[in-house]
Amino acid sequence: MVTVAMSLAAALSLVAGWSAGVSALLATALVLIWNGAIYLDSSALTAGTVQAADKELRGATMGLHSMCGYAGGFIGPLGVGLALDLAGENPLGWGIAFGHLAIITLTGLTILRRLAASVPQSIRTAAAE
């Protein structure tokens, strides 16, 4: 579910950004759909974080989990603004602005998949029970 949701969010980010030159209404609709896709993996990621956390460190782990989400919500708009300042408020600028979000999303997915692959099967099986 996480791979599908993050891939969908990255694709929608790209399409939404590059659609700004086609139609403001289309871009708005795509941004709204993209926003929904961002939340598709939220419950799976949160549940996985809780399950993977050491029982004595669950509170701290969830605090770090939340902080990472809020950091992305803070840094993302700064990157969009920077891209628009550098490339201009034109279709290219909007494409780059939203494109950088797709790159960040896919980077996060790659990190998650590598982390999951590094966890021994015995631990993954125990966490799933």
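The values are calculated or read from the model by the stated rules, or taken from the named source; none is laboratory data. These numbers come from a predicted model, not from an experiment. Note that we place each Cβ from the backbone using ideal geometry, even for glycine, and neighbour counts take in every protein chain shown.
Summary of values
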{"read-out": "So Glu129, is it among the acidic types (Asp, Glu) and at pLDDT below 85", "value": "yes"}
{"read-out": "First in the range 63-79 and under 19 Å from Val50 (Cβ atoms), second anywhere and in a helix (DSSP H, G or I), Cβ under 6 Å, 6 or more apart", "value": "His65/Thr49"}
{"read-out": "Single unsatisfied condition, Ser23 versus (1) within 15 Å of the chain's Cα centre (by Cα); (2) at pLDDT 85 or above", "value": "(1)"}
{"read-out": "Residue within the range 71-86 that is more than 23 Å from Met1 (Cβ to Cβ), at pLDDT below 90 and among the β-branched types (Val, Ile, Thr) present", "value": "yes"}
{"read-out": "Count of the range 1-12 residues which are part of a helix (DSSP H, G or I) and exposed (fewer than 15 other Cβ atoms within 10 Å of the Cβ)", "value": "2"}
{"read-out": "Identity of the residue in the range 33-67, of a type in the set (Val, Ile, Thr) and under 30 Å from Asn90 (Cβ atoms), that ends up modelled with the lowest pLDDT", "value": "Ile38"}
{"read-out": "Flag if Leu30 is at pLDDT 90 or above and surrounded by 12 or more Cβ atoms within 10 Å (Cβ to Cβ)", "value": "yes"}
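Conditions (1) farther than 19 Å from Ile111 by Cβ; (2) surrounded by 13 or more Cβ atoms within 10 Å (Cβ to Cβ); (3) out of contact with any Asp or Glu (no Cβ under 8 Å at 6 or more places or on another chain), marked per residue:
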| site | (1), (2), (3) |
| --- | --- |
| Leu26 | yes, yes, yes |
| Ser43 | yes, no, yes |
| His65 | no, yes, yes |
| Asp85 | yes, no, yes |
